[in-house]
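To start, the structure itself, in structure tokens.
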Amino acid sequence: MVANWFAGEGDDFRLLGTRCTACACVFFPREDGFCRNPGCAGGELAEVPLSRRGRVWSYTDGRYRPPAPYVSDPELPWEPYTLIAVELEAERMVVLGQSVPGVSVADLEVGMEVEVVQGVLDEDSGTTWTTWHWRPVAVGA
Amino acid sequence: MTAEVAVLGAGMHPWGKWGRGFVEYGVAAARAALVDAGVGWRDVGSIVGADTVRGGYPGYVAGATFAKALGWQGARVASVYAACASGAQAINTARTQILAGMADVVLVVGADAAPKGFFRPAGGDRPDDPDWLRFRVLGATNPAYFGLYARRRMAVHGDTLEDFAQVKVKNAAAGALNANARYRKTVTAEEVAASAVVADPLRLLDICATSDGAAALVLSSMEFARRHGAADPVRIRAVSTVTPTYPTTVLDLPDIATDSAAVVAPADGTFRASIARAAYEEAGIGPEDISLAEVYDLSTALELQWYEDLELCGEGEGAKLLRDGVTAPGGRVPVNTSGGLASFGEAVPAQAIAQVCEVTWQLRGTAGARQIEGARVGVTANQGLFGHGSSVVAVR
Ligand SMILES: [Zn+2]
């Protein structure tokens with residue numbers, strides 16, 4: 001679905017972006033076509049892992065079932081998920097993601113440290129779609 | 001500073017959930033605007049439609065669709081899409097045609113028949129579309145982004161849920177006085193607090209609904225207006241349609257991440273602030289000249305953000321401006337005298353045009369029970385998905 005946005009297992013799990021070899025700008029989701037820095041004539045775009053940890057820029061949740069293409073089973077009661085926007089210091093960028101299951105807005109504060117972990121977006125009989133989740137560092141193992 | 005164009009006519013179809021097609025709403029609004037202008041449809045040299053993406057081909061070719069419905073008469077035609085900024089781009093297309101001498105009188109129309117519930121991306125598997133991706137990968141609806149902005153304001157500026165609720169109270173009171181509004185009941189802070197949470201910390205009554213509705217304007221050259229007997233019409237002095245500046249540092253619809261600011265330093269101010277700044281610069285006016293503003297209150301919290309982006313107050317002072325009554329009727333700069341999206345709901349291609357309709361009526365002094373005393377300069381502010389700015393300055 002979204003090829004090569006993340007890689008690795010356990011402590012090696014990372015979001016993957018790309019970096020322009022000419023101007024060093026980093027892009028996530030990965031930009032493979034062209035450097036989007038208006039001051040750059042354009043360079044090769046090389047894959048680069050993003051910082052594993054960042055700080056909460058803001059957060060919210062979804063109390064109502066989002067429409068397709070989000071996948072959820074309409075037969076099951078809706079379980080709200082939490083969204084966290086995380087500021088990565090080295091990249092100076094904010095990356096949105098769902099939290100690990102079980103973390104609610106009551107567990108979060110702006111500025112709190114979180115780390116990226118592998119998670120499951122959804123699964124059917126044949127396929128499991130993996131994704132990234134943000135997990136508060138203080139909560140995680 | 002550019003030359004001005006005259007607003008000869010303004011019209012709307014009332015907003016609501018009427019269950020009919022967008023063409024019907026648009027034609028009603030167009031006819032109302034033509035009557036208001038005292039201009040016959042055959043005298044219109046150009047028609048510009050703001051596109052709706054939900055109507056199939058007729059929606060994608062809105063200008064021609066409205067022209068056919070009104071009766072083909074050979075006018076120039078254009079159709080524009082810029083998401084929520086479509087209406088402003090339609091106005092700007094009309095304005096540039098007038099200023100270029102391509103047309104004397106231009107009809108601008110935006111209309112929509114919105115689906116129920118959350119807005120969603122177009123169908124199909126389209127992983128190259130950021131709007132599709134944010135739903136598929138994150139389930140991030142529009143209210144999710146509004147919730148993120150609201151929580152961020154609470155953390156950084158100390159805004160409270162009560163502040164947000166008071167925006168709804170203010171706008172609902174204005175909407176109750178507006179026959180074109182969908183919601184015409186006053187709302188209390190208690191009612192906002194008692195409504196269901198949609199995207200923490202925002203509740204149902206903090207977030208605007210989706211609506212059917214339409215708005216239209218008849219614009220002309222100043223020379224035509226004079227010949228037509230309109231010696232002192234409301235005039236459009238600026239239309240801002242700016243794009244963002246790389247790197248954008250505020251997470252925004254429909255993106256999953258901001259640009260990185262590690263290598264290239266961000267510009268002063270945010271994209272939203274740059275929308276207003278461009279309009280002010282083009283109009284040759286400043287925030288101190290503004291009599292009233294129509295801003296894009298997709299959420300109550302976002303209205304407070306616009307106060308700051310329009311430089312009606314300093315950064316972080318939006319809630320104070322509201323608490324001090326500055327943006328209420330009778331205040332120094334009443335905001336959303338129409339009732340705003342809080343009272344209208346979203347009809348995407350129509351809303352930026354509807355903002356200019358309200359400003360027009362206010363500047364003419366014909367806004368009835370909503371009338372602001374002595375309004376001379378009005379500004380609108382709006383923002384379209386995918387980096388479309390939208391702000392119009394009108395004067396009298
Ligand atoms: Zn580059």
>> Condition first: crowded, with 24+ Cβ neighbours inside 10 Å and either among the acidic types (Asp, Glu) or closer than 13 Å to residue B:112 by Cβ (or both). Now tell me which residues in the stretch B:42-82 satisfy that.
In response: B:49, B:50, B:51, B:52, B:62, B:65, B:66
>> For the condition closer than 21 Å to residue A:68 by Cβ, within 14 Å of another protein chain (Cβ to nearest Cβ) and outside any helix (DSSP H, G or I), what is the one hit in B:144, B:122?
In response: B:122
> Of B:194, B:181, B:174, B:199, which residue is at pLDDT 95 or above, out of contact with any Asp or Glu (no Cβ under 6 Å at 6 or more places or on another chain) and within 14 Å of another protein chain (Cβ to nearest Cβ)?
Replying inline: B:199
> Which members of the stretch A:12-33 meet the condition of being more than 26 Å from residue A:133 (Cβ to Cβ), out of contact with any strand residue (DSSP E or B) (no Cβ under 8 Å at 6 or more places or on another chain) and either away from the ligand (no atom under 15 Å from the Cβ) or of a type outside the set (Gly, Ala, Ser) (or both)?
Replying inline: A:23
> Inside the stretch B:211-314, counting only helices (runs of 4 or more DSSP H) that do not spill past its ends, which hold 3 or more residues that are in contact (Cβ under 8 Å) with a residue 12 or more places away in the chain and surrounded by 23 or more Cβ atoms within 10 Å (Cβ to Cβ)?
Replying inline: B:271-283, B:300-309
> Tally time: how many residues in the stretch A:109-131 are at the interface with chain B (Cβ under 9 Å from one of its Cβ atoms) and open to solvent by less than 60 Å² (accessible area, probe 1.4 Å)?
Replying inline: 4
> Among the residues of the stretch A:38-70, which ones are open to solvent by 20 Å² or more (accessible area, probe 1.4 Å), in contact with a strand residue (DSSP E or B) (Cβ under 7 Å, 6 or more places away or on another chain) and within 16 Å of the ligand (Cβ to nearest atom)?
Replying inline: A:40, A:43, A:45, A:46, A:47
> Across the stretch A:46-73, what is the total count of residues that are away from every other protein chain (no Cβ under 12 Å) and under 16 Å from residue A:6 (Cα atoms)?
Replying inline: 5
> If you go through the stretch A:87-102 one residue at a time, do you hit one that is under 23 Å from residue B:204 (Cα atoms), of a type in the set (Asp, Glu) and more than 16 Å from the ligand (Cβ to nearest atom)?
Replying inline: no
> How many residues are in a loop (DSSP other than H, G, I, E, B) and touching a residue at least 40 places away in the same chain (Cβ under 8 Å) when one looks only at the stretch A:14-40?
Replying inline: 1
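The values are calculated or read from the model by the stated rules, or taken from the named source; none is laboratory data. On a predicted model such as this, the values are computed, not experimentally measured, just so you know. Heads up, the Cβs are rebuilt from the backbone with ideal geometry, glycines too, and the neighbour counts pull from every protein chain shown. SASA here: full protein model, heavy atoms, side chains in, ligands and nucleic acids out. Shrake-Rupley method; radii C 1.70, N 1.55, O 1.52, S 1.80 Å.
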